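Trainee: I have a structure I would like to understand better, so I am pasting it below and will then ask my questions one at a time.
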Amino acid sequence: MATPTRPPIAPPLGSLAPSATPLPAALQPSDDQIVVLYVILAFAVVIFGFWNVPGVRNCINPLKLFTIGWHELCHITAAILSGGRILKITIDPNVGGATIVEGGRPLFILSSGYIGSTLIGALFTLAGWDILVAKVMSFVLGIGLIMPLALVRDKLTILLTILYEALLIGFWFVDHGEALRWYCLFVGVMNILFVIWDVADDRFFHKANDSDATQFAILYPRIGPHLWATFWIVFQLGVLAAFSVLGIMVFKLSDAEMTAQAASFLPT
């Protein structure tokens, strides 16, 4: 019997290519979680429009006051902790916020604003992944919407605050708080990306109170405000991405399980 001289047929090249490594189960988003990711992107676009379009921007004054107020509260807390003295506080939806401080540690005080906005925004963002978390965070929002009114006397803003509080209460009765997820997620995106709106106010409206990015450039003149803004935007986007991954990993309940869990906490 003759020895065959023809080499064996090689397998198709495709079979030799390494197969794609699947994501670990914990990182694979469910269909509902994919929706949350798309909603985060949509909210970022919507907020940018509402924050910067004249006339329309007044419609979100209560939420802006909550965002600006928390930002300034972080400055105030850092100033007190570092031995500074508060001289003046401004919280206004149109001209922005400002905390005038004497003494303290300038870098610590200035950094606390964007860091504080990012952290509270991250917590509200987690509420978008779970109804129970949204219910808990709604109490923070309910109190936070009222507190800035101590410094604001604008009648339209007061009326809108009552409306936003009424919506917050009403959403408790929609599918055991399902609607609260999106309300809190909207607030979370507004806070966690505050540096974008802050810089946009500087760029488009030349507001009386400078953005923190401009203040950083004054504190460290060798680095321009656009570089400071870029640094903080990257920081906040990184935190948003990290907490989105955390939401995907931690909140794995189905819609029915999540609703049942939420119904057991202060049922409506």
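Throughout, read-outs are computed from the coordinates displayed, never taken from laboratory work. Remember, it's a predicted structure, so these values are computed and weren't measured experimentally. No Cβ is skipped: glycine too gets one built from the backbone with ideal geometry, and neighbour counts run over all protein chains shown.
Trainee: Against the longest principal axis of the chain, how steep is helix 178-192, in degrees 0 to 90 to the nearest 10, with axes from Cα atoms?
Mentor: Result, in degrees: 70.
Trainee: Mind checking the angle between helix 131-146 and the chain's longest principal axis? C-alpha axes, 0 to 90 degrees, to the nearest 10.
Mentor: Result, in degrees: 20.
Trainee: Here is a follow-up. Evaluate the distance, in nm, between pseudo-label points positioned 7 Å from the Cα of residue 237 and of residue 88 along their respective Cα→Cβ axes.
Mentor: Those two pseudo-labels are separated by 3.5 nm.
Trainee: Where the centroid of each part is defined by its Cα atoms, how far is region 91-117 from region 30-48 in Å?
Mentor: 29
Trainee: How big is the gap, in Å, between the Cα center of region 126-172 and the Cα center of region 194-253?
Mentor: If we compute the Cα centre of each part, the gap is 23 Å.
Trainee: Tilt of helix 106-127 relative to the longest C-alpha principal axis of the chain, in degrees (0 to 90, nearest 10)?
Mentor: 60
Trainee: Given 0.36 nm per residue, what is the gain on full extension from residue 165 to residue 45 after removing their alpha carbon distance, in nm?
Mentor: Additional length available on full extension: 40.8 nm.
Trainee: Relative contact order (percent) for the chain, with alpha-carbon contacts under 8 angstrom and 6 or more residues of separation?
Mentor: Working: 323 pairs, mean separation 61.0, N = 268.
23 percent.
Trainee: Rg/Rh for region 29-263 to two decimals, with Rh computed the Kirkwood way over all alpha-carbon pairs.
Mentor: Details: Rg = 17.9 Å, Rh = 18.3 Å.
Ratio of gyration radius to Kirkwood radius: 0.98.
Trainee: For region 35-146, take N as its residue count and report Rg(C-alpha) divided by 2.2 N^0.38 Å.
Mentor: Normalised Cα radius of gyration, region 35-146: 1.18.
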